[in-house]
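Undergrad: Here's a structure for you.
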Amino acid sequence: MISMYLVGAVVLAYLFGSIPTAVWLGQSFYGVDVREYGSGNAGATNTFRVLGTKAGGAVMLIDILKGWTATNLAYFIGPSVTGPQAAAQFVNYQLALGVIAVVGHLFPVFAGFRGGKGVATLFGMILAVHFQAAMVCVSVFIAVLLLTRYVSLSSISAGFAFPFSIVFLFHTSVKSVLLYGMCICVLILITHQKNIERLLKGKESKVYLFRRRAKV
């Protein structure tokens, strides 16, 4: 039987994910809709590009918090079984709620269903589910970003680092986590399709974090 707690958690997870941080912050403090500039993406990377480091950092942190908060709504549901199966069911709840938050970020009800690519929200979800693997992803992201200045390539590399780390470094045996790791790779490839095309053509924009906002 589906409980009201579960229904409420699902709705809240989507609403958390739907908070259009980049859009609201840009319009409220800069009078700019970031979707009309740069890549047209309502995410942290385009905010860095259009509005600069301070705005981009704020958007990234809030988007991470969205994923982390939605995923941890699982604590308010509680597993419906006891024993060894309880832990696995709890993780499944976390994964489901986190995915719903990512869907909310991609298709936000508060911003005409025009959202971002969900990388920061995905990271918040990973942070809640597997902290050690999240730190591996951060390390990979930073290393690739410092070497290439391509946020898209850094995001793709970090996304692929998650399933590899949970299998080869942490030897995770929870099937749902392994499946989720594979889905992350597929989702990132889909949402970054245009970026991949630009990378292959040498036309992808680089991001320099410590600079002033661009003139818009």
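Results for (1) in a helix (DSSP H, G or I); (2) buried (at least 24 other Cβ atoms within 10 Å of the Cβ), shown as yes or no for each residue.
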{"site": "22", "(1), (2)": "yes, yes"}
{"site": "26", "(1), (2)": "yes, yes"}
{"site": "38", "(1), (2)": "no, no"}
{"site": "47", "(1), (2)": "yes, yes"}
{"site": "50", "(1), (2)": "yes, yes"}
{"site": "60", "(1), (2)": "yes, no"}
{"site": "63", "(1), (2)": "yes, yes"}
{"site": "66", "(1), (2)": "yes, yes"}
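Undergrad: Got at least one residue in segment 62-77 being of a type outside the set (A, V, I, L, M) and either more than 21 Å from residue 183 (Cα to Cα) or in contact with a strand residue (DSSP E or B) (Cβ under 6 Å, 6 or more places away or on another chain) (or both)?
TA: Checking segment 62-77: at least one residue is of a type outside the set (A, V, I, L, M) and either more than 21 Å from residue 183 (Cα to Cα) or in contact with a strand residue (DSSP E or B) (Cβ under 6 Å, 6 or more places away or on another chain) (or both).
Undergrad: Out of segment 9-40, which residues are under 22 Å from residue 96 (Cβ atoms) and touching a residue at least 24 places away in the same chain (Cβ under 8 Å)?
TA: Taking segment 9-40 as the starting set, the residues that turn out to be under 22 Å from residue 96 (Cβ atoms) are 9-19.
Scanning segment 9-40 gives 9, 10, 12, 13, 14, 15, 16, 17, 18, 19.
Undergrad: Would you check if residue 206 is free of Cβ contacts under 8 Å to residues at least 60 places away in the same chain, loosely packed, with under 13 Cβ neighbours inside 10 Å, closer than 16 Å to residue 44 by Cβ and out of contact with any helix residue (DSSP H, G or I) (no Cβ under 7 Å at 6 or more places or on another chain)? Walk me through how you get there before you give the answer.
TA: On the way: free of Cβ contacts under 8 Å to residues at least 60 places away in the same chain: yes; loosely packed, with under 13 Cβ neighbours inside 10 Å: yes; closer than 16 Å to residue 44 by Cβ: yes; out of contact with any helix residue (DSSP H, G or I) (no Cβ under 7 Å at 6 or more places or on another chain): yes.
It is true that residue 206 is free of Cβ contacts under 8 Å to residues at least 60 places away in the same chain, loosely packed, with under 13 Cβ neighbours inside 10 Å, closer than 16 Å to residue 44 by Cβ and out of contact with any helix residue (DSSP H, G or I) (no Cβ under 7 Å at 6 or more places or on another chain).
Undergrad: Separate question: Within segment 149-170, restricting attention to residues that are under 14 Å from residue 196 (Cα atoms) and among the β-branched types (Val, Ile, Thr), which residue is modelled with the highest pLDDT?
TA: 156
Undergrad: Give me the residue from segment 139-160 that is under 24 Å from residue 41 (Cα atoms) and among the small types (Gly, Ala, Ser) and, out of that set, surrounded by the fewest Cβ atoms within 10 Å (Cβ to Cβ). Give the derivation first.
TA: So in segment 139-160, the residues under 24 Å from residue 41 (Cα atoms) come out as 140-160.
With the extra rule that they be among the small types (Gly, Ala, Ser), the set shrinks to 143, 152, 154-155, 157-159.
Details: 143: 14, 152: 24, 154: 22, 155: 27, 157: 19, 158: 26, 159: 25.
Applying the filter and picking the extreme gives 143.
Undergrad: Can you tell me which condition residue 42 does not meet? The list is (1) under 30 Å from residue 204 (Cβ atoms); (2) small (Gly, Ala, Ser); (3) part of a helix (DSSP H, G or I), and all the others hold.
TA: (3)
Undergrad: Out of (1) surrounded by fewer than 20 Cβ atoms within 10 Å (Cβ to Cβ); (2) in contact (Cβ under 8 Å) with a residue 12 or more places away in the chain, what's the single condition that is false for residue 128?
TA: In the conditions (1) surrounded by fewer than 20 Cβ atoms within 10 Å (Cβ to Cβ); (2) in contact (Cβ under 8 Å) with a residue 12 or more places away in the chain, residue 128 misses (1) alone.
The values are calculated or read from the model by the stated rules, or taken from the named source; none is laboratory data. Small disclaimer: the values here were computed from a predicted structure and weren't measured. Because the Cβ atoms are built from the backbone with ideal geometry, glycine has one as well, and the counts that use them run over all protein chains shown.
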